[in-house]
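Data first, discussion second: the structure below is written as structure tokens.
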Amino acid sequence: MNRRIAFLLVAGAMLAGCVSTRTAQVADAKAAEWRGKSVVLTQRPATDFIATTAGKAAFALVGVVAMLEAGKKIVQENNIEDPAPRLARDLLAFAQTQFGVTPAATSPVQAGSTTVDPAKLVQGAAGADLVFDIQGMGGQFRYLPMHWNLYVVDSGYKFRILEVAGAKVVAEGFCIRQGDSKKAIPKDELLANQAARLKEILDTQRQECFEELKQKVFGIRP
């Protein structure tokens, strides 16, 4: 199976709540050592957006390809930005204020969409103490099984903190946002005005994940 398609299927399963996710909050003592430490972000390709419609979903892997292409077209035609880089910047800015870390004077770590090996990630982090790795886990809109003309939006992110020395993951967390079926809307409404409603929903989910990941990974209570 094409590696890209396989990744999309895993991401889709995660968004559907079928994949368990691990959370490891940074220890207070460890976070206390971060003051003055430098942080570099990872830079990954934008995660593909999947446009899941009833017609395409009926054709298994062929349908996945069609949904991928439809999602790509929607993103391009409506200039939909990848939310992951902004989420990464927000988390770094928060860590600067909360823990006293500083942005590393080095370029972002270039990582593939499926690269998860800590040893490979820290190879591009020379000069930094920590790596903040934000990975988009997929975005999609999908029809409701009993109401094929109504759609909801899902998105998800994975956040890991790695120590460059030793290539060790010291904290990690996931955030999955699934659309509320009670707030489902027609696809035409979702994509009207340069997909304004879709953009709004994705941005809201990003902000919610920022708050959730602060709690799960940094241990910050609301």
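Details
- Acute angle (nearest 10 degrees) that the helix 3-15 long axis makes with the longest principal axis of the chain, alpha-carbon atoms: 90 degrees
- Within the chain, helix-based [θ] at 222 nm, where runs of 4 or more DSSP H residues each add -39,500 (n - 2.57), nearest 500: -12500 deg cm²/dmol
- Exposure proxy ranking, count of Cβ atoms within 10 Å, fewest first, for L92, L121, L198: L92, L121, L198
- For region 43-54, backbone phi angles converted through the Karplus equation (6.51, -1.76, 1.60; θ = phi - 60°) give residue-by-residue couplings of 10, 10, x, 4, 5, 5, 9, 9, 9, 8, 10, 4 Hz, Gly and Pro being listed as x.
- Rh (Kirkwood; distinct C-alpha pairs) - region 3-218, Å: 18.1 Å
- Across the cross-link table entries K37/K120; K73/K216; K37/K199, which are compared at the Cα atoms, the separations over 27 Å belong to K73/K216; K37/K199.
- Gain on full stretching of the segment that runs from K187 to N79 - 0.36 nm per residue minus C-alpha separation: 37.2 nm
- Relative contact order, percent, the chain [alpha-carbon distance under 8 Å, six or more residues apart]: 26 percent
- Karplus-derived HN-Hα couplings along region 158-164 (A = 6.51, B = -1.76, C = 1.60, θ = phi - 60°), whole Hz, x at Gly and Pro: 10, 10, 10, 10, 10, 7, 5
- Here the Karplus relation 6.51 cos²θ - 1.76 cosθ + 1.60, evaluated at θ = phi - 60°, turns the backbone of region 212-222 into coupling constants of 5, 6, 4, 6, 5, 9, 8, x, 8, 8, x Hz, with x for every Gly and Pro.
- Hits among aspartates and glutamates - C-alpha to C-alpha of K168 under 18 Å, sequence gap 8 or more where chains match: D28, E33, D117, D129, D133
A short reminder: the numbers here are calculations on the coordinates, not readings from a lab. Small disclaimer: the values here were computed from a predicted structure and weren't measured. Note that each Cβ is placed from the backbone with ideal geometry, even for glycine, and that neighbours are counted across all protein chains shown.
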